[in-house]
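Note sheet for the following structure.
The values are calculated or read from the model by the stated rules, or taken from the named source; none is laboratory data. Since the model is a prediction, treat every value here as computed from it, not as a measurement. Note that each Cβ is placed from the backbone with ideal geometry, even for glycine, and that neighbours are counted across all protein chains shown.
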């Protein structure tokens with residue numbers, strides 16, 4: 001236990017608690033015995049939050065409070081007194097005329113608003129920020145024979161040139177977080193998940209889960225742009241956040257990805273495994289560089305990833321149960 005943060009079962013805050021990943025994180029924290037303060041935009045939206053209140057331990061140890069990434073100081077109440085903060089919330093907006101205004105600004109300012117509230121909390125031990133493996137891999141100057149690790153950063157110039165605004169927003173937000181926390185003495189650890197696969201606790205599917213559902217129904221439009229992509233089980237991502245929060249020696253960035261596959265490798269695996277689903281056999285090939293991820297930093301803490309088989313088995317079972325897919 002000397003390597004772990006004490007007290008293990010203190011009070012923690014999860015921002016954007018009703019989200020796809022955040023819901024799983026809240027679930028795992030409650031199962032571990034933590035008291036969880038979850039921030040949401042509308043605590044009165046019973047329909048959107050019902051899945052959180054159904055979690056084991058929620059009635060005893062979950063509190064949902066209002067906070068908005070765009071409002072400085074709105075996280076003060078939720079964060080004050082917490083030993084740990086898991087910042088998972090991120091604005092997901094479709095750009096219309098000014099992507100910088102609509103995505104980049106809110107992502108950075110939202111992160112800084114949460115961290116300003118963290119700075120006011122004398123009880124805070126550690127902040128765990130959800131970033132993305134995309135902050136590592138969007139660059140055109142790496143050796144494909146050398147797996148990418150946490151020392152790599154995506155090229156902001158390349159993101160801007162290719163108009164990959166989501167990746168640019170995650171990269172800028174994480175860099176802003178490191179700068180703020182280093183300057184203000186806040187213990188920060190960041191988690192960089194690849195594409196997250198698994199059951200959605202909310203019956204309302206987020207864009208990630210909707211894209212997966214589309215693939216299983218035979219659509220190629222969204223997934224064809226993936227080219228080569230890392231995949232990870234949603235439960236692994238939640239577990240990873242808690243591991244790096246609790247482990248005293250955890251520091252810096254942690255890539256969280258189980259398997260990297262080309263589109264056609266994924267299609268081949270899925271269509272063979274689930275022949276009754278109209279999964280595409282092949283994808284239009286994109287001219288993308290080959291890469292692998294080096295996840296030894298996380299594995300050295302004793303972490304083991306679920307397989308691509310586990311990810312889709314659990315995901316499909318959930319989609320069938322929620323009525324999005326007919327039984328297979």
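Just so you know, in segment 185-203 the residues that are closer than 28 Å to residue 102 by Cβ and not in a loop (DSSP other than H, G, I, E, B) include one that is farthest from the chain's Cα centre (by Cα), and it is 188.
Checked against the criterion of being in contact (Cβ under 8 Å) with a residue 60 or more places away in the chain and over 26 Å from residue 51 (Cα atoms), the candidates 269, 303, 312 yield just one match: 303.
Filtering 312, 305 for residues that are buried (at least 20 other Cβ atoms within 10 Å of the Cβ), under 23 Å from the mean Cα position of the chain (by Cα) and assigned to a helix (DSSP H, G or I) leaves a single hit, 312.
Evaluate the following for residue 226: is it over 14 Å from residue 132 (Cα atoms), modelled with pLDDT under 90 and surrounded by 16 or more Cβ atoms within 10 Å (Cβ to Cβ)? So residue 226 passes the test. For segment 126-145, the candidate set comprises residues that are part of a loop (DSSP other than H, G, I, E, B) and modelled with pLDDT of 95 or more; within that set, the residue that is farthest from residue 292 (Cα to Cα) is 131. Output the residues belonging to segment 155-166 that are on the phi < 0 side of the Ramachandran plot and surrounded by fewer than 21 Cβ atoms within 10 Å (Cβ to Cβ). Result: 155, 156, 157, 158, 160, 161, 162, 164, 165, 166.
Applying the criterion of being touching a residue at least 24 places away in the same chain (Cβ under 8 Å) and in a loop (DSSP other than H, G, I, E, B) to the residues of segment 273-284, the residue that is surrounded by the fewest Cβ atoms within 10 Å (Cβ to Cβ) is 276. So, residue 76, is that one surrounded by fewer than 16 Cβ atoms within 10 Å (Cβ to Cβ) and either under 26 Å from residue 247 (Cα atoms) or modelled with pLDDT of 95 or more (or both) or not? Taking the combined requirement at face value, the residue satisfies it.
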